[in-house]
Amino acid sequence: MEREITSSNYQLWQPVYRQSGSEVRCSFDVTSPEARGINEGDAELFAGFLATMDVCAGDVKSWTVQRFASPYYAYDPARDDEGDLFGLAWRVTLSITGVTGYRACGKTGPYSADGFDPTWVDGPAGLTGEEERCVLIAAEGPTREFSLRDSYGGGELELIEYAFPHRTVLQARLDLGVVNLRGSVGPVRELLHESKIRFMTTHESDAFQRSAWQQPAEWRSL
């Protein structure tokens, strides 16, 4: 059956690539303005995403998908309504073979992408305010200081380097684990405050304004 796509129903963010032997691993975030979700995905969907981002030439071998909530993708995290503090996203990691070239990173995004996940059967995607994996995303400030995990009292901290052509930027991703979103509003707002006083970028709209972050890295040969 032919897939009918009438509009760009996904947005792709912050692709980053790492070489592992003869393979390249690509990680990026996905959001959906039309509330079209991702469950397991398939090779056709992710090959289309890869082509849209134009950051790696190769074949998608395998993938993982992890659903999460984050203030980084919220509609307006500054509002008092707790429902506006979190946005729904998916972290996708692809293993790519037969690579002839790749970029160390793409632009911050978004990349508008058409796609359809045949494994998604749950209707419109959204957050319930109950149990969800929560990830705080913050790009470096002037001091490159990342003590967010200490401020929260735990969580898994991942630092990712984005080698843009004119500047290298470190991004912190603090995975708070699966939490009750309504019960986490206070601690998450405190983390956002701690980030802002360090002049860190904690929302995609702010990252979008950084022109140096909207230029992908140069192509590399494998």
From phi via Karplus (6.51, -1.76, 1.60), per-residue ³J(HN,Hα) for region 122-130 in Hz, x at Gly/Pro:
9, x, x, 7, x, 9, 9, x, 9
Student exercise, region 10-215 dipole from Lys, Arg, Asp, Glu Cβ charges, in Debye to nearest 20
720 debye
Residue separation between ASP76 and ARG36 times 0.36 nm, minus their alpha-carbon distance, gives in nm 12.4 nm
To the nearest 20 debye, what is the magnitude of the charge dipole of region 22-104 about its Cα centre, counting +1 on the Cβ of each Lys and Arg and -1 on the Cβ of each Asp and Glu?
380 debye
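What ranking of LYS196, LYS107 emerges when the number of other C-beta atoms within 10 Å of each C-beta is taken as an exposure proxy, fewest first?
By the 10 Å Cβ count, ascending: LYS196, LYS107.
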Simple label model, 7 Å out from Cα along Cβ direction - THR119 to LEU222, nm
2.3 nm
With θ set to phi - 60° and the Karplus curve 6.51 cos²θ - 1.76 cosθ + 1.60, what are the ³J(HN,Hα) couplings of region 168-180 in order, to the nearest whole Hz, using x for Gly and Pro?
9, 10, 9, 10, 9, 10, 9, 8, 7, x, 7, 10, 7
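State, as an integer percentage, the relative contact order of region 10-215 based on alpha-carbon contacts under 8 Å between residues 6 or more apart.
Computed value for region 10-215: 24 percent relative contact order.
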With no solvent term and unit scatterers on the alpha-carbon positions of the chain, Debye gives log₁₀ I(q)/I(0) at q = 0.07, 0.17 Å⁻¹ of -0.21, -1.28
For PRO33, what is the net charge nearby, where nearby means another residue's Cβ is under 14 Å from its Cβ and Lys, Arg count +1, Asp, Glu -1?
-3
Asserting the computed 222 nm helical MRE of the chain (DSSP H runs at least 4 long, -39500 (n - 2.57) per run, divided by residue count, to nearest 500) equals -4000 deg cm²/dmol
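Computed from the coordinates by the stated procedures, all read-outs in this text should not be read as laboratory data. Keep in mind that this is a model prediction, so the values were computed, not measured. Don't worry about glycine lacking a Cβ; one is built from the backbone with ideal geometry, like all the others, and counts go over all protein chains shown.
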